[in-house]
Amino acid sequence: MNCSELKEGQVLVCEGCGFELKVANECGDDKCSTDVCCTGNIKCCGESMKLKE
């Protein structure tokens, strides 16, 4: 999951340790001015974090 795909209020959770990140502000493709912005999955404990349901 890339930053530009996340919406305000969504929560990412690490299935390994339970760490959570909440999106406070959306990035969106139009706000990134370089190719290095938000290009990879957000990882914790060596695994990609998942959306909390």
_Between a residue in the stretch 1-19 that is without any contact (Cβ under 8 Å) to a residue 24 or more places away in the chain and any residue that is open to solvent by 100 Å² or more (accessible area, probe 1.4 Å) and in a loop (DSSP other than H, G, I, E, B), which pairs come within a Cβ distance under 7 Å, given they are 6 or more apart or on different chains?_
GLU8/ASN25
*Any chance the stretch 13-31 includes a residue that's at pLDDT 85 or above, more than 10 Å from ASN2 (Cα to Cα), β-branched (Val, Ile, Thr) and not in a loop (DSSP other than H, G, I, E, B)?*
yes
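The values are calculated or read from the model by the stated rules, or taken from the named source; none is laboratory data. Remember, it's a predicted structure, so these values are computed and weren't measured experimentally. Because the Cβ atoms are built from the backbone with ideal geometry, glycine has one as well, and the counts that use them run over all protein chains shown. Ligands, DNA and RNA are stripped out before the accessible areas are found, and what is left, the full protein with its side chains, is counted by its heavy atoms. Shrake-Rupley method; radii C 1.70, N 1.55, O 1.52, S 1.80 Å.
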